[in-house]
1. Can you give me the number of residues within the stretch 73-93 that are of a type outside the set (A, V, I, L, M, F, W, C), within 21 Å of H111 (Cβ to Cβ) and in contact with a Leu (Cβ under 9 Å, 6 or more places away or on another chain)?
2. Exactly one of these conditions fails for D71: (1) in contact with a Ser or Thr (Cβ under 8 Å, 6 or more places away or on another chain); (2) part of a helix (DSSP H, G or I). Give me its number.
3. Pull up the stretch 207-223, narrow it to residues that are outside any helix (DSSP H, G or I) and within 21 Å of H352 (Cα to Cα), then point me to the one that is modelled with the lowest pLDDT.
4. So D71 fits all but one of (1) exposed (fewer than 15 other Cβ atoms within 10 Å of the Cβ); (2) more than 20 Å from I398 (Cα to Cα); what number is the exception?
5. Kindly indicate whether L20 is within 19 Å of P379 (Cβ to Cβ), of a type in the set (A, V, I, L, M, F, W, C), out of contact with any strand residue (DSSP E or B) (no Cβ under 7 Å at 6 or more places or on another chain) and part of a helix (DSSP H, G or I).
6. Identify, from the list L65, L12, L31, the residue that is in contact (Cβ under 8 Å) with a residue 24 or more places away in the chain and assigned to a helix (DSSP H, G or I).
7. Regarding the stretch 319-332, can at least one residue be identified that is touching a helix residue (DSSP H, G or I) at 6+ places or on another chain (Cβ under 6 Å) and not acidic (D, E)?
8. If a residue must be without any contact (Cβ under 8 Å) to a residue 60 or more places away in the chain, part of a loop (DSSP other than H, G, I, E, B) and among the hydrophobic types (A, V, I, L, M, F, W, C), how many such residues does the stretch 108-145 contain?
Amino acid sequence: MSTDYDIIVIGLGVMGAAALAEVAARGVRVLGLERFDIPHALGSSHGGTRVIRKAYYEDPRYVPLLHASWDGWQDLSAEVGEALLIPTGGLHFGPRESPELRAVLAAAEAHGLAHQVLDAAQIHRRFETFHPAPDDWGVLEADAGVLFAERAVMALVEVARRRGAEVRAREEVLDLELGGERVIVTTDRARYTAAKVVLALGPWWPRWAARLEPGPAATVPMTVTRQVQCWFATRDPAAFRPDRFPIFLRYGLGARATSDRLPEDGDDDMVYGLPEAAFPGLKVALHAVATGQVETDAPRVERVSDPDQVDRRLRPEDEARVRRWVSRFLPLADGPLLGARVCMYTSSPDGHFALGPHPADPRLIALSGFSGHGFKLAPAVGAIAADYAIDGTSPRTIDLFHWDAPR
């Protein structure tokens, strides 16, 4: 068994798996290590389905990477002979005061994305299942859809192995030694060496960051939060299938809600959903990110100090809050609960990714801070990670992602 590699990828959730597949495609000796199963439901890359969208409120500079990722998922689908992406269109809607919704429209206009602007009545006529608030408006984008989460991770690892990557699951990394010419990776089974190591640790990143960055010189602080996804039975299942129902996001006012405005149930929450696809029922979840901009929103998010101890039980309030939203805006989906999953977000202070050579040692290519919106961008992130690991630089990245970017 070989123990020396050009590159080792640690963590094979969607980002690590994408990096592994891309590195393997470039013909170098690469090993992928995963502490759990491939795939698994303990981190941030599970839940049956994930959203892909291009009209990006987070920042329009993501849009070229979203084009590349859309193509990357289609290419991967062709390579494994299975559709990993189903186009459905995407409905963004919410109150007129929502800055995120205005940012969706600005991104669509800036990049020439196919879209329509709809008022509340038009939204309901187009999709009778939605009952927007009377003064809501929306943006319907063409290039949006559903990604199959676990199957996508499996496909990336499958393709990486076809390309020559070695993969080992249920092998936990215990230590990284950086003092010598090569990085030494010690696991609970073996000891490996490599010229570069890609760290794709998901919610376990803060634990390792504390070891790599002792003292006050730590770079980007990451916050891990508990998130809950729910699936509800619908009264008309055919109306909620991908051929008739879009992925959606409703942008509430969140921490910006004021005391002189009394929101109805769910009106101040940001909520996303996907049509019935991988699992039975309509998938609906709150999207609450712990970033520096929404610290006043703290009651909406539960911080996780130890990802190995996150509460994976469904609490009554987890379901109740989502159900209040569903009963108001999608009443035909207010049926019995069919399932729930707990996952975690790892968020940077500004909600943007931290991606590239780590200040502690440039031989470590660290991928973190995906802040609940990264899954869809895994093909682009994998390519950027491979660029850094092999060439030391990447022409594909953007300045938002640098570990030393102002945040």
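The values are calculated or read from the model by the stated rules, or taken from the named source; none is laboratory data. Quick caveat, the model's predicted, so the values are computed rather than measured. Because the Cβ atoms are built from the backbone with ideal geometry, glycine has one as well, and the counts that use them run over all protein chains shown.
1. Count: 5.
2. (1)
3. Among residues in the stretch 207-223 that are outside any helix (DSSP H, G or I) and within 21 Å of H352 (Cα to Cα), the one modelled with the lowest pLDDT is A218.
4. Answer for D71: the failing condition is (2).
5. No; evaluated as a whole, the condition is false for this residue.
6. One residue alone meets the criteria, L65.
7. Yes, the stretch 319-332 has at least one match.
8. 3
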